[in-house]
Amino acid sequence: MAGSTRPLLSDSFTDSSDFRPPPPPPPLPPPRSLDSTIERCIGRFGWAQFLQAALVSSAWVFDAQQTFITVFTDAEPSWHCTMAGRVDSVCDSFTTSKVCGLPENAWSWDFSPHVSIISEWGLQCASSLVKGLPASSFFFGCLIGGSILATLADSSLGRKNMLLLSCLMMSFSSMLTAFSTNIWVYAFLRFVNGFGRATIGTCALVLSTELVGKKWRGQVGVMGFFCFTLGFLSLPLMGYINEGRSWRVLYLWTSIPTIVYCFLVWIFVRESPRWLLVKGRKEEAVSILRSIAAPTDRNGGLVTMSFSNLPFEQEEGSNLDVYAAMKSLVQKKWSLRRLSAVMAVGFGIGVVYYGMPLALTNLNFNLYLGVTLNALSELPASLITFFFIDKLSRRNALIGFTALSGISSILIVVLDHFDISHGLLQIVLELVSFFSACSAFNMELIYTIELFPTCVRNSAIAMVRQALVLGGVFSPVMVAAGRDNHFWSYGLFGLAIGLFGLFVVGLPETRGSVLCDTMDEEESKERQRDNDLDHDDGDDYEVLA
């Protein structure tokens, strides 16, 4: 027995020494992100995605019209003397702003009094505060509306419903404005108009970009900028056709098409599948992704399987508190730092964007031609963003555009200081500054989309637009102060956009990055980025040592 046991023991030891543990199983692939899953499901960029994005982006046309409509409806019309002889010589020494110094029977409006609220309601001798009340009410309504309505698109209503509600509020208030009986009713309705309009651009931008993958995100976002420019340029055309007619007609012309647009949105526009997934409405999201997928990629089973394996959970309490998105933005340090930086840049851009067209009256150049050139300068700004969005570093482009705008604006002051007041040179610098501000604003909106996750993205974009409007609130004051000294207008414009543009230093670069959908996901990416930076610093230290 012993002899027979030894070989067995020997074989046992031999087998033990030759034993090799089985190779470990291959590591599981990293979970597919929501961004890449959506892009995989909808396939290439097809007509369904294009039509959705184009229809949503068209809201910017009506947004621009209501923003700049007061340029024509609230303008002070030209006038002429009606008496000959001695009165004529007195008229020759007066300007439009001093028309109230003449006898009532010594002058008359060149057109019917109904062409403007100034002539219809006899406001030519009113204070500048009263004359500017409707425009101020509009921007104040934008500030209040942006604060109250913006978070609803992230919390309860969603992108599509918020866009529809905002367009309806804007269109109906615009139609009611045409029936205003005095300046006070008019100013109140302009406030309501601004309140409703506040979130249109935000919802349109976020919804259109969330319907596509990252490959086309930048180009789709720029579509809205083109539409805004078209809306801006449509106003001079409507104003020219409406010349000599009542200002009320212009409000009707802009409100009725907006109501028609609301029906198109209600019927044809789809909700953001990202937002639906954040809210736990997976079946609706899959149905929408299947409907907008390219024809060769419409495989319902593939879409459902992709999302069934996606480790994605609804954020706790996201359906309960309508201000949860805003709270999340300010509670996280990294999120608050990003939000503060992009809002600071937005404020600087807003000062120039709204201030430059107003300050054209301070330059030695034709006012109407200058306004037209400013409107047209938005087109190349949008084209540059469209064609180079995939090649430009978001952070570096923002710094470059804001710096160029600031330098060009300050050079106008330098020319004035050395008594070089050539109108052509001034308008060239003004256009460069305004063009750079438009390009910076386009780039910042794309940058903000990529900096924040889906659950708070709409609120973040809204806060940036709020900062832009806040900059516009201060612009008229600077313009008025700069009539005698350009430093208080163009000098402050240049300092504001140049210095505030530096706030993006330290923010992460997002070009080509994957969109995150929850705060935890974005925070994990932020933590990984910090670890990579620390690791790189450690390697550099070892090399130096």
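Quick look at the numbers
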item	result
Neighbourhood net charge (9 Å Cβ-Cβ; Lys/Arg +1, Asp/Glu -1) for Tyr490	-2
Translational diffusion coefficient (Stokes-Einstein; Kirkwood radius from C-alpha pairs) of segment 409-518 at 25 °C, 0.890 mPa s, in µm²/s	154 µm²/s
Percentage relative contact order, segment 323-545, counting C-alpha pairs under 8 Å, at least six apart	37 percent
Theoretical FRET efficiency, 1/(1+(r/R0)^6), r = Cβ-Cβ of Lys333 and Glu283, R0 56 Å, to 0.05	0.95
Overall form of segment 359-411 per C-alpha gyration tensor (a/c, 1.5; a/b vs b/c)	oblate
Neighbour-count ranking [beta-carbon atoms within 10 angstrom, fewest first] of His417, His486, His80	His80, His417, His486
Estimated inter-spin distance, Phe50 and Leu424, nm [label 7 Å along Cα→Cβ]	4.2 nm
Cβ-derived FRET efficiency at R0 25 Å, Leu502 paired with Val414, nearest 0.05	0.75
Cα gyration tensor shape of segment 323-545, rounded if a/c is under 1.5, else prolate or oblate by comparing a/b with b/c	prolate
Pairwise FRET efficiency - Ser78 versus Leu129, Cβ, R0 = 22 Å, nearest 0.05	0.45
Alpha-carbon centroids, segment 216-271 and segment 377-393: separation in whole Å	22 Å
Tensor-based shape of segment 430-469 (alpha-carbon gyration tensor, a/c under 1.5 rounded, otherwise prolate or oblate)	oblate
Cα-Cα over 30 Å, subset of Lys282/Lys391; Lys282/Lys525; Lys160/Lys332	Lys282/Lys391
Spin-label model distance (nm) - Ser513 vs Asn396, 7 Å beyond Cα toward Cβ	1.7 nm
Contour excess over end-to-end distance, with Cα ends at Ser340 and Leu237 and 0.36 nm allotted per residue	33.2 nm
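Bear in mind these aren't lab numbers, they're just calculated from the coordinates by the rules spelled out. Not measured: the values here are computed from a predicted model. Positions of Cβ are generated from backbone atoms using ideal geometry, with glycine treated the same way; all protein chains shown enter the neighbour counts.
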